[in-house]
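Bear in mind that the values in this text are calculations on the coordinates, not laboratory data. The shown structure was predicted, so the numbers you read here are calculated from the model rather than taken from an experiment. Because the Cβ atoms are built from the backbone with ideal geometry, glycine has one as well, and the counts that use them run over all protein chains shown.
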């Protein structure tokens, strides 16, 4: 699962049962255990990983992203085969998308009714850490040798480490890479096994791959940006490129942003010109349904999660991937979800037993193959099938495992903060304002927001 919209909850799971039916079964089992009573345990932030016999079963509330059939079946298996030995069951509370999940988590926190564990991005774990809502996991990392915390990739796990302590388990990792349609390359006289290796070459490829049609919707476009929207990801996508130009988000002391700095202007102008002058990038006002899989879009940006999904969902698509090339550097921002324990969990030990199981190598690679497509956070899995021996993964491995770059900015109220700046960026992409005007306005709005909430180094990373 990633930023895409999940399938309907009535999509059949294996064996013909709908996801809604599986959820009912899971809720029923967990509810029966919950009625038997909760084990007492301190909700303090320094839970000790001492193993003790539970006097009564405990139901771990898991706020999950989506209701993927494979995930629900695995949770059922936990309740049937794993949990009874420890008097632990899991009760999933799936949310339809990432925005809904974080909104729900915040509302339950405010109501004093947080789930035991939630699937949170690194930006949200940090924001909840600032509020004192996250449980430290270091006692478990250190004492539970079966968990093997050393197997977690530092590139992602360190993004959940604040003031030297871990507050979540990284999982479902990804970087944003370029995808391309090999048939479109061949049609344009380009080598389908040689994607662009410089930004200049990329722009030239986009021009060659663009073919005007009777209408914009029927044209073939050289490139499609990750998305047009006012979501936080619009800003993040641009920042990914800005960092390769040598730019950054914060000023030196984190009292403000620098999104109108020269590196931002050069990068943003590059893409705006491809939209408005080259006309090789699909503009915001043109919709091309399924364009990335039907040949109407020749190159596009997307997360590495589509690498295992495309062969299953669109088996006729012959695609390749490429790393964005070096400009000043070749940074790729590492992103990940996590399993994050709420400090308010009534039984941290029981919650840990579920989190530990959910993040075994087997379950992480199972998610990669059967659910969201996001790669695992366990480095041991990159040395073997299905990733280590994959030709399409080979050039990406050094970047997704150890040398991608710094994480996205993290701060108090980061999503609101970032999304305050996206409308001016969209105005620039639409050609309504110049790149300079768009960035100046985004910078003004962003700094007003940050200063308005007393922003500074203590509220940011």
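Counting only DSSP H runs of at least 4 residues, each contributing -39500 (n - 2.57), and dividing by the residue count of the chain, the helix-based mean residue ellipticity at 222 nm comes to -11000 deg cm²/dmol.
Each Cα pair under 8 Å and six or more residues apart adds its sequence gap; the mean of these over the residue count of the stretch 320-446 is a relative contact order of 26 percent.
Which order do the peptides 191-204, 442-455, 224-237 come out in when sorted by mean C-beta neighbours inside 10 angstrom, highest first? Intermediate values should be presented prior to the final figure.
Values: 191-204: 14.8, 442-455: 17.1, 224-237: 19.1.
Ranked from most to least packed, the peptides come out as 224-237, 442-455, 191-204.
What shape does the stretch 306-410 have by the C-alpha gyration tensor, where a ≥ b ≥ c are the square roots of the eigenvalues, rounded means a/c under 1.5, and otherwise prolate means a/b greater than b/c and oblate the rest? Oblate, because a/c is 1.5 or more while a/b does not exceed b/c.
With contacts taken as Cα pairs under 8 Å at a separation of at least 6 residues, the chain carries a relative contact order of 23 percent. Between the labelled values (i) 26, 60, 14, 0; (ii) 20, 33, 25, 17, 4, 1, 0; (iii) 24, 55, 21, 1, the entry that holds P(r) over Cα pairs in 20 Å bins from 0, in percent as derived from this structure is (iii).
Rounded if a/c is under 1.5, else prolate if a/b beats b/c, else oblate: with a ≥ b ≥ c from the C-alpha gyration tensor eigenvalues square-rooted, which is the stretch 385-461? Mind dumping the intermediate values first?
On the way: a/c = 3.79, a/b = 1.69, b/c = 2.24.
Oblate shape, in that a/c is at least 1.5 and b/c is the bigger or equal ratio.
Packing, as the average of other Cβ atoms within 10 Å across residues, places the peptides 124-131, 96-103 in the order 124-131, 96-103, highest first. Rounded to the nearest 5, what % of the DSSP beta bridges within the chain are antiparallel ones? Antiparallel bridges: around 70 percent, rounded to the nearest 5.
What's the ranking of 323-334, 58-69 by average number of surrounding C-beta atoms within 10 Å, highest first? All intermediate terms of the calculation are to be shown ahead of the outcome.
Numbers: 323-334: 17.6, 58-69: 23.8.
Order by mean packing, descending: 58-69, 323-334.
Roughly how many Å is it from the Cα centre of the stretch 393-461 to that of the stretch 144-190, as a whole number? Rounded to whole Å, the Cα centres lie 20 Å apart.
For the stretch 101-181, what is the relative contact order in percent, using Cα pairs closer than 8 Å and at least 6 residues apart in sequence?
On the way: 50 pairs, mean separation 20.0, N = 81.
For the stretch 101-181, the relative contact order is 25 percent.
Could you give the angle, 0 to 90 degrees to the nearest 10, between helix 262-276's Cα long axis and the longest principal axis of the Cα atoms of the chain? Tilt of helix 262-276: around 70 degrees.
Computed extension length for residue 217-residue 314: 32.8 nm, one decimal, from 0.36 nm per residue of separation with the Cα-Cα distance subtracted.
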